[in-house]
1. Would you confirm, using the coordinates I've provided, whether residue 38 is more than 29 Å from residue 203 (Cα to Cα), in contact with a helix residue (DSSP H, G or I) (Cβ under 9 Å, 6 or more places away or on another chain) and small (Gly, Ala, Ser)?
2. Return the pair list, or none, for Cβ contacts closer than 8 Å from residues in the range 143-160 that are at positive phi to residues that are buried (at least 17 other Cβ atoms within 10 Å of the Cβ) and of a type in the set (D, E, K, R), at least 6 apart or on different chains.
3. Looking for whichever is of a type in the set (D, E, K, R), more than 18 Å from the chain's Cα centre (by Cα), surrounded by fewer than 19 Cβ atoms within 10 Å (Cβ to Cβ) and part of a loop (DSSP other than H, G, I, E, B) here; the options are 109, 58. Which one fits?
4. What pairs come up if the first residue lies in the range 164-184 and is within 15 Å of residue 195 (Cβ to Cβ), the second is assigned to a strand (DSSP E or B), and their beta carbons are under 7 Å apart, counting only those six or more places apart or on different chains?
5. Among the residues that make up the range 93-103, is at least one of them more than 17 Å from the chain's Cα centre (by Cα) and of a type in the set (Val, Ile, Thr)?
6. Being hydroxyl-bearing (Ser, Thr, Tyr) and touching a helix residue (DSSP H, G or I) at 6+ places or on another chain (Cβ under 8 Å) is the filter; apply it to the range 144-171 and report the residue that is modelled with the lowest pLDDT.
7. For the range 34-41, check the following and say yes or no: at least one residue is modelled with pLDDT of 95 or more and not in a loop (DSSP other than H, G, I, E, B).
8. Has the range 25-39 got at least one residue that is within 25 Å of residue 105 (Cα to Cα), among the small types (Gly, Ala, Ser) and in contact with a strand residue (DSSP E or B) (Cβ under 9 Å, 6 or more places away or on another chain)?
Amino acid sequence: MISIMINTYNRSKILIENLLNLRPVWNIAEIIIVDDCSTENTTNVINKFLKDNDILAKTIVNRKNQGYPKSMNIGIKQASNDNILILNDDVFIINPRSFLENMEQDLEKEFIVATRLRMNKRFSIEKEIKSFLYSVPAQIFAGELYNYNGMKKRRVNYANNIFCFNKEKIKILFDEENYDGNYFRIESDFQLRSRKSGFRILYDPELVVLDKWAPSGGLRQKNKKEFLCWCIFNHIIFLRKNFNFSKYYKIPFYFMIKMIFHPYLIVEIIKTFDKSFKKVIT
């Protein structure tokens with residue numbers, strides 16, 4: 001059996017849509033909702049929905065905002081099952097019943113199973129152009145990570161942040177000391193530490209999830225500049241923490257790339273880099 005872990009913050013509407021989508025597995029999976037101290041009556045709205053629909057879900061409410069990694073760790077510790085599926089409130093499982101059946105079969109082969117991510121909206125033309133110009137060699141040189149998202153079932157080094165793992169075998173939690181702001185690179189750090197401990201990641205293209213990219217609350221703030229700066233911060237922390245010699249050229253190159261593609265954020269980017277180097281890595 002699998003425990004589905006959902007972290008939320010001020011997004012009751014999209015969370016209820018997600019829970020309705022999970023209707024086929026209400027009775028065959030444990031659902032755990034961690035409300036990271038929402039300020040818009042999220043807990044009462046969700047509890048009423050759960051009661052009205054007779055859903056046996058665990059709801060955990062943080063008394064103060066803990067951030068994504070700590071909230072997930074709180075939920076993981078409360079899970080009744082060994083297998084934990086990390087799911088965002090705005091990411092929807094396609095065909096939940098067959099999804100969980102396939103995932104349980106995959107978990108018999110590896111203790112970490114990754115999903116195929118589809119986007120609800122296409123990227124803007126501007127972003128498509130930037131992605132084209134930002135070549136694969138440049139991404140590698142900047143320490144960016146390649147998440148395979150194709151149609152072949154295979155072992156991978158990294159995956160997106162919707163994945164399942166066996167907490168009894170992989171006694172690793174999300175790093176809540178170093179990363180901040182949003183989920184970015186937190187899953188990469190978890191996956192890298194798991195691989196260093198001898199575990200492999202199995203990517204299954206049949207496990208499809210749809211990212212609806214909720215515009216407010218939770219992990220993606222309305223302030224896109226702030227969101228970008230947190231991504232930059234977490235990426236630098238990831239490089240500083242997990243790489244040795246290569247970080248000395250990856251970080252400066254990453255800084256240059258961000259300055260080129262976001263010249264309007266020069267001051268914010270400089271402040272973010274400065275902040276990331278003042279952070280003590282443990």
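The values are calculated or read from the model by the stated rules, or taken from the named source; none is laboratory data. Source: prediction; values computed, not measured. Every residue, glycine as well, gets a Cβ built from its backbone with ideal geometry; the counts of neighbours run over all protein chains shown.
1. On the way: more than 29 Å from residue 203 (Cα to Cα): yes; in contact with a helix residue (DSSP H, G or I) (Cβ under 9 Å, 6 or more places away or on another chain): yes; small (Gly, Ala, Ser): yes.
Judged against the criteria, residue 38 is a match.
2. Once the first residue is at positive phi and sits in the range 143-160, its partners that are buried (at least 17 other Cβ atoms within 10 Å of the Cβ) and of a type in the set (D, E, K, R) give 143/247; 143/250.
3. None of the others qualify; the one that does is 109.
4. Short answer, once both residue conditions are applied: 165/84; 165/112; 166/83; 170/112.
5. Initially, the range 93-103 is screened for residues more than 17 Å from the chain's Cα centre (by Cα), giving 94-103.
Going one step further and asking which of them are of a type in the set (Val, Ile, Thr), we end up with 94.
Scanning the range 93-103 turns up at least one residue that is more than 17 Å from the chain's Cα centre (by Cα) and of a type in the set (Val, Ile, Thr).
6. Step one: list which residues in the range 144-171 are hydroxyl-bearing (Ser, Thr, Tyr), which gives 146, 148, 158.
Among the residues that remain, those that are also touching a helix residue (DSSP H, G or I) at 6+ places or on another chain (Cβ under 8 Å) are: 146, 158.
Working: 146: 83, 158: 96.
So the residue we want is 146.
7. Residues of the range 34-41 modelled with pLDDT of 95 or more: 34-35.
Narrowing further to those that are not in a loop (DSSP other than H, G, I, E, B): 34-35.
Yes, the range 34-41 contains a residue that is modelled with pLDDT of 95 or more and not in a loop (DSSP other than H, G, I, E, B).
8. yes
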